[in-house]
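Participant: Handing you this structure, nothing more for now.
Each value in this text was obtained by applying a stated rule to the coordinates, not by laboratory testing. Everything numeric here is computed off the predicted structure, so don't read it as measured data. Reconstructed Cβ throughout: ideal geometry from the backbone, glycine too, with neighbour counts over all protein chains shown.
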Amino acid sequence: MNKACPDPAEPPAASQYPPKLAAIVSLFEGLPDDEKRETLISYADQAARCAPVEGETYDLEDVRKDEECTDTVGIFLKVAPDRSVHFRVSLGPQVQILTRAMTSILCKGLDSSSIEAVLDLPADFVPRIVGGQLVRVRSQTVYYVLTRMKSACRAYLNRERAAAP
Amino acid sequence: MASGKYFFLEFFPGKEENVFQLSPPNPSVTLPVPMNQPAYANPDVLVSTAWVADHSTDPAIRVIESNEDVLLYDTGHIAGAVHIDWHTDLNDPLVRDYISPEAFARLCSRWGITPDTTCVFYGDKANWWACYALWVFRLFGHTNVRIMNGGRDKWTAEGRPLTREKLAYPASDYPVPARRLDDDIRAFADEALAQSRSGKPLIDVRSPGEYRGEITHMPEYPQEGVLRGGHIPGAKSVPWKTAVNEDGTFRTPAELAQIYSVNCGLRKEQDIIAYCRIGERSSHTWFVLTYLLGYPSVRNYDGSWTEWGNRVRMPIERSA
């Protein structure tokens, strides 16, 4: 088989994700369902630690309540001189547990990644972490935080381009 | 008793015909409450949080949590409560339908439930999924069912304890139900179509925007794959939320009677069909009509708008 043309049915290797996220994906893939749920809840419990810190400044802040989301979500992006990113996320109280868990996973897994790596990140890691049983139409907001993070990165790049001489 | 005109003007000012909406409960609004408050048609079907606190580990009772938030139970639940997931436990994994009678018997056996067990349901979202699970239990003929009034939110608002400990129950011997009561409390698309054509009551319990066809998703929710917006021709809009107070508890019998019997004009001798998007909010209204108001012939069209709004050649009506 021509290796340059991968089988589209084959899931990407975890190594194709940013290293910290790849480690989290690998961790979850090795867990039985019960432990997967417990680990997701542990991540959800840590979501509050992802909130913006008083006194810290950010290069981009995007706080809004979208019509199709249950509560307000704020994305706070900081870009280092080497163009690596650092996210903080604020979540309203109505945000579901799974979305809280994914917020925590993304803040940790994408920390220090490049803007380009965030923009190129495929969403197929979500069911690998969450498991097929928990991803359902009603819980599509599990993808929402990633979408908002990408949106913040795009807005940052656009602003950077607009400011360029 | 509050007059229909009083209630309508108070709560539905300027609303078009067929659209019965209820503003968010306003604490400053005091409805005239009769001296002899009428009771719910089946008052025993509602239990309070205090009652559940006293009985949650009673062997004759099984408290069942059913939520929309798929991990909420795992973060903490009422002591002794078991979890039933509407999607993975009650729905067939392949066909859009409910589980088989055999699978239902296995589910009950797993949680130590017998046909005599009193099943008390509660959950998030003012008991949407609790009512849905209760309705599915009724589909399989389990009659001993209750709802914890106010659901999980009321329990937590009262500062009552939650635990992460998951109790295991000895497996019970639950006989396989002889049949599912699809003909009695469930409606299918063709039956809803016949209902529409014959002018019999159809109750659309979705939000007014969904009913009018202005949006194809539930407010504050993602799209669920509906191609067209609007409502079943002839359906009246009575959003599920009209039946509950701000704390998720059900409105008084008099208020419910005003909403459904007086304002909406539902009569006890009628066959009534309720629908929403996938059947959970209409389960809530089905519960209100069947158990709290005592309407004898109410069916839940669980295919609801995700079926109707996608099916070829189904007639759709949109409000101006």
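Participant: Charges at C-beta only: +1 for Lys and Arg, -1 for Asp and Glu. How large is the resulting dipole of the protein assembly as shown about its Cα centre, in Debye rounded to 20?
Facilitator: 720
Participant: Given the alpha-carbon gyration tensor of chain B, what are the semi-axes of its equivalent ellipsoid in whole angstrom, ordered largest first, with each equal to the square root of 5 times an eigenvalue? If you can, show how the numbers build up before the last one.
Facilitator: Working: eigenvalues 189, 118, 65 Å².
Value: 31, 24, 18 Å, ordered largest first.
Participant: Assign one of three labels to region A:88-165, namely rounded, prolate or oblate, based on the Cα gyration tensor with a ≥ b ≥ c the square roots of its eigenvalues; rounded applies when a/c is under 1.5, prolate when it is not and a/b is larger than b/c, and oblate otherwise.
Facilitator: Prolate is the answer for region A:88-165, as a/c is 1.5 or above and a/b outweighs b/c.
Participant: To continue, here is another question. Over the Cα atoms of the protein assembly as shown, what radius of gyration and what Dmax do you get, in Å?
Facilitator: Final numbers for Rg and Dmax: 24.5, 83 Å.
Participant: Taking the beta-carbon count within 10 Å as an exposure proxy, list B:W286, B:W86 from fewest neighbours to most.
Facilitator: Neighbour counts put them in this order, fewest first: B:W86, B:W286.
Participant: Expressed as an acute angle from 0 to 90° and rounded to the nearest 10, what is the orientation of the C-alpha long axis of helix B:128-139 relative to the principal long axis of chain B?
Facilitator: On a 0 to 90 degree scale, this one is about 70.
Participant: For labels at B:E317 and A:L27 in the simple 7 Å Cα→Cβ model, what's the distance in nm?
Facilitator: The answer from the label model is 5.5 nm.
Participant: Given R₀ = 45 Å, FRET efficiency for B:S261-A:E116 by Cβ-Cβ distance, to 0.05?
Facilitator: Between B:S261 and A:E116 the formula returns 0.15.
Participant: Now for a separate question. For helix B:189-198, report the angle its Cα long axis makes with the longest principal axis of the Cα atoms of chain B; keep it between 0 and 90° and round to the nearest 10°.
Facilitator: 30
Participant: Going toward the positive end of the dipole of region B:227-309, with +1 on Lys and Arg Cβ and -1 on Asp and Glu Cβ, which of B:H231, B:S304, B:S282 do you reach last?
Facilitator: Result: B:H231, furthest along the dipole toward the positive end.
Participant: Right, next: Between A:E160 and A:Q94, what FRET efficiency follows from the Cβ-Cβ distance if R0 is 25 Å, with the result rounded to 0.05? The partial results should precede the final answer.
Facilitator: Numbers: r = 34 Å, r/R0 = 1.35.
According to the calculation, E is roughly 0.15.
Participant: Going 7 Å from the Cα of A:D45 along its beta-carbon direction, which residues of region B:72-96 have the amide nitrogen within less than 11 Å of the resulting point?
Facilitator: In region B:72-96, the label zone of A:D45 (backbone N under 11 Å from the point 7 Å along Cα→Cβ) covers B:75-76.
Participant: In square nanometres and to one decimal, what's the mean projected area of the convex hull around the Cα atoms of region B:183-308? Don't skip to the end; give the middle numbers.
Facilitator: Details: hull surface 29.3 nm².
Across all orientations, region B:183-308 yields a mean hull projection of 7.3 nm².
Participant: Taking the beta-carbon count within 10 Å as an exposure proxy, list A:L134, A:L27, B:L202 from fewest neighbours to most.
Facilitator: In increasing order of surrounding Cβ atoms, one gets A:L27, B:L202, A:L134.
Participant: Continuing with this model, one more query. Among the listed pairs A:K36/B:K154; A:K20/A:K150; B:K125/B:K200, which have their C-alpha atoms separated by more than 26 angstrom in this model?
Facilitator: A:K36/B:K154; B:K125/B:K200
Participant: May I have the extent of the alpha carbons of region B:43-180 along their three principal axes, as whole Å values ordered from largest to smallest?
Facilitator: On the principal axes, region B:43-180 reaches 41, 31, 28 Å in Cα extent.
Participant: A further question on this structure: Quick one: work out Rg over Rh on the C-alpha atoms of region B:243-303, Rh as Kirkwood radius.
Facilitator: Rounded to two decimals, Rg over Rh is 0.95.
Participant: What dipole magnitude, in Debye to the nearest 20, does region B:76-218 give about its Cα centre under +1 on Lys/Arg Cβ and -1 on Asp/Glu Cβ?
Facilitator: It comes to approximately 280 debye.
Participant: Stretch B:T57-B:T163 to full length: gain in nm at 0.36 nm per residue minus the Cα-Cα span?
Facilitator: Between B:T57 and B:T163, full extension yields 36.9 nm more.
Participant: Which order do B:F121, B:F140 fall in if you start with the one that has the fewest other Cβ atoms within 10 Å?
Facilitator: B:F140, B:F121
Participant: Oh, and also: For chain A, divide the Cα radius of gyration by the Kirkwood radius and give the resulting Rg/Rh value with two decimals.
Facilitator: Details: Rg = 16.4 Å, Rh = 16.7 Å.
My calculation of the ratio gives 0.98.
Participant: OK, next. If you take the beta carbon distance between B:A189 and A:E67 as r and set R0 to 30 Å, what does 1/(1 + (r/R0)^6) give as a FRET efficiency, to the nearest 0.05?
Facilitator: Efficiency for this residue pair is about 0.60.
Participant: Can you list the aspartates and glutamates whose alpha carbon is less than 16 Å from that of A:K78, not counting same-chain residues fewer than 8 positions off?
Facilitator: Of all the aspartates and glutamates, those that pass the test against A:K78 - Cα under 16 Å, at least 8 places apart if same chain - are A:E54, A:E56, A:D59, A:E61, A:D62, A:D111, A:E116, A:E160.
Participant: Taking every residue in B:66-76, how many Cβ atoms of other protein chains lie within 10 Å of its Cβ, on average? Write out the running numbers ahead of the final one.
Facilitator: Values: counts 0, 2, 5, 10, 13, 14, 4, 2, 7, 7, 1.
Taking the mean over all residues of the peptide, I get 6.
Participant: Another one. Once you order the gyration tensor axes a ≥ b ≥ c over the Cα atoms, which shape class does region B:61-102 get: rounded for a/c under 1.5, otherwise prolate or oblate by comparing a/b with b/c? Kindly include the intermediate steps, with their values, before the conclusion.
Facilitator: Details: a/c = 3.98, a/b = 1.74, b/c = 2.29.
It is oblate, given that a/c is not under 1.5 and a/b is not larger than b/c.
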